[in-house]
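A short write-up of the structure that comes next.
Readers should treat all values here as calculations from the given coordinates under stated rules, not as data from a laboratory. Note that the coordinates shown come from a computational prediction; the quantities given were computed from them, not determined experimentally. Don't worry about glycine lacking a Cβ; one is built from the backbone with ideal geometry, like all the others, and counts go over all protein chains shown.
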Amino acid sequence: MERVVKKCETLEDTKKLAGKFARLVEAEGCFVNLYGEIGAGKTAFVRLVAEALGVKEKVTSPSFVILNEYHSASIPIYHFDLYRLEHVGISTITDELREYSEGKKITFVEWAEFSQGELPFQRIEINVTYDDDDSRNYEFKNIGDRFGKVIEGLKE
């Protein structure tokens with residue numbers, strides 16, 4: 001497992017990081033688990049990645065609908081939010097999540113910690129934290145060997 005941490009002091013820094021991430025995953029897609037407190041910037045990061053890939057629709061949090069889909073980009077983007085699902089609810093969508101981990105697409109899963117370890121796929125995990133000065137820290141880790149090149153690309 002490799003990891004890299006990037007500090008973003010401004011929204012422009014986050015936009016650049018999201019753009020770089022988008023370029024690194026656009027060709028093959030990826031499955032991404034997002035972690036962080038409410039307001040840390042998980043949805044904002046997804047929105048910036050989606051914009052970098054050309055999404056024309058408004059990118060919003062899927063908190064109340066569980067899944068938002070965006071098909072206007074260069075690659076399909078699926079954005080899940082597991083926050084409102086109880087543990088039983090997670091088990092009802094595990095197969096669906098597994099399907100969204102395959103093929104050329106980008107799948108983001110917010111609040112993946114509620115999955116109770118039900119997400120065994122090769123993936124990238126992003127933990128978003130914020131400091132007192134409003135800066136954000138993005139820690140990227142690859143789980144499995146499939147996305148090692150993405151982590152290496154973020155180090156540059």
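Net length available on complete extension from residue 57 to residue 12 is 14.1 nm, with 0.36 nm assigned per residue and the Cα-Cα distance removed.
Which entry in (1) 82, 27, 23; (2) 54, 44, 25; (3) 38, 34, 34 is this structure's computed Cα extents along the principal axes in Å? Only one option fits the structure, namely (3).
Taking 41 Å as R0, compute the FRET efficiency from the Cβ-Cβ separation of residue 28 and residue 134 and round it to 0.05. Calculated value: 0.75. For region 6-52, the spread of Cα positions along the three principal axes, ordered from largest to smallest, is 29, 21, 18 Å. Considering only 25, 65, 109, the mean-square fluctuation computed in a Gaussian network model of the chain, springs between alpha carbons under 10 angstrom, is largest for 65. Springs between Cα atoms under 10 Å define the GNM used for the chain, and in it the highest mean-square fluctuation of 41, 144, 29 occurs at 144.
How much length would be gained if the chain were fully extended between residue 149 and residue 69, taking 0.36 nm per residue of separation minus their Cα-Cα distance, in nm to one decimal? Intermediate results must be reported in sequence, preceding the final value.
Values: separation 80, 0.36 × 80 = 28.80 nm, distance 2.58 nm.
Working it through step by step, the gained length comes to 26.2 nm.
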